[in-house]
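Some notes on the structure that comes next.
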Amino acid sequence: MKDFMTIALEEAKKAYEKGEVPIGAVVVCDGKVISRGQNKRQRTQNAIHHAEIIAIDKACRKLKSWRLENCDLYVTLEPCPMCAGAAINARIKNVYFACKEKTSNDNLLEQISKSDRLNHKTNFVHVGTLEEECSSLLTNFFKSKR
């Protein structure tokens, strides 16, 4: 697990170097990384270019399927509602995230993932692997912007 989160952190660092919010993600299938993503909203001026969305899109193209049932997603920060929805809709089995969103005290991720409206359930797991490194990268990024 740490190896995959390390790769996600590498993607986050690349985003940081490019002036993007430093979030990275990787999709893993059968123990192998099949795609990577990093935030690109500023560069592309596209609101949906979050790390998770990019990694999921690449994985779907690589596997030639929108169903990523045997895949897991590793991400440096707790997914936003859009990214959580994308993971669920892609049928991703597990989403492992390093650190929680600092404002996530409302259990929104849990509410989304447990909704009866969804016909697929994805497990969202705060693993804490590399949590301090991922959190510090985000904190430093936002400090540099103020």
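What part of the accessible area of the range 41-146, given as a whole %, is carbon or sulfur when the probe is 1.4 angstrom?
47 percent
Which net charge results when you count Lys and Arg as +1 and Asp and Glu as -1 among the other residues whose beta-carbon is under 13 Å from that of residue 60?
+3
Order 113, 65, 144 by their accessible area, 1.4 angstrom probe, all chains in place, largest first.
Correct descending sequence by accessible area is 144, 65, 113.
Could you give the accessible area per residue of the range 26-146, probe 1.4 Å, as a whole number in Å²?
In whole numbers, the range 26-146 has 57 Å² accessible per residue.
Which entry in [x] 1.07; [y] 1.13; [z] 0.95 matches Rg/Rh (Cα atoms, Kirkwood Rh) derived from the coordinates of this structure?
Given [x] 1.07; [y] 1.13; [z] 0.95, the structure-derived one carries the label [z].
Helix 2-17: angle to the longest alpha-carbon principal axis of the chain, degrees 0 to 90, nearest 10?
Approximately 50 degrees, to the nearest ten.
Tell me which lysines have Cα within less than 29 Å of residue 102's Cα, excluding those fewer than 8 residues away on the same chain?
Cross-link targets: 2, 13, 14, 18, 40, 58, 93, 114, 121, 143, 145.
The values are calculated or read from the model by the stated rules, or taken from the named source; none is laboratory data. For clarity, every value in this text was computed on a predicted model and none was experimentally measured. In this analysis, Cβ positions are derived from the backbone assuming ideal geometry, glycine residues included, and neighbour counts consider all displayed protein chains. When the accessible area is computed, the model is the full protein with side chains, heavy atoms only, and any ligands, DNA or RNA have been set aside. Shrake-Rupley method; radii C 1.70, N 1.55, O 1.52, S 1.80 Å.
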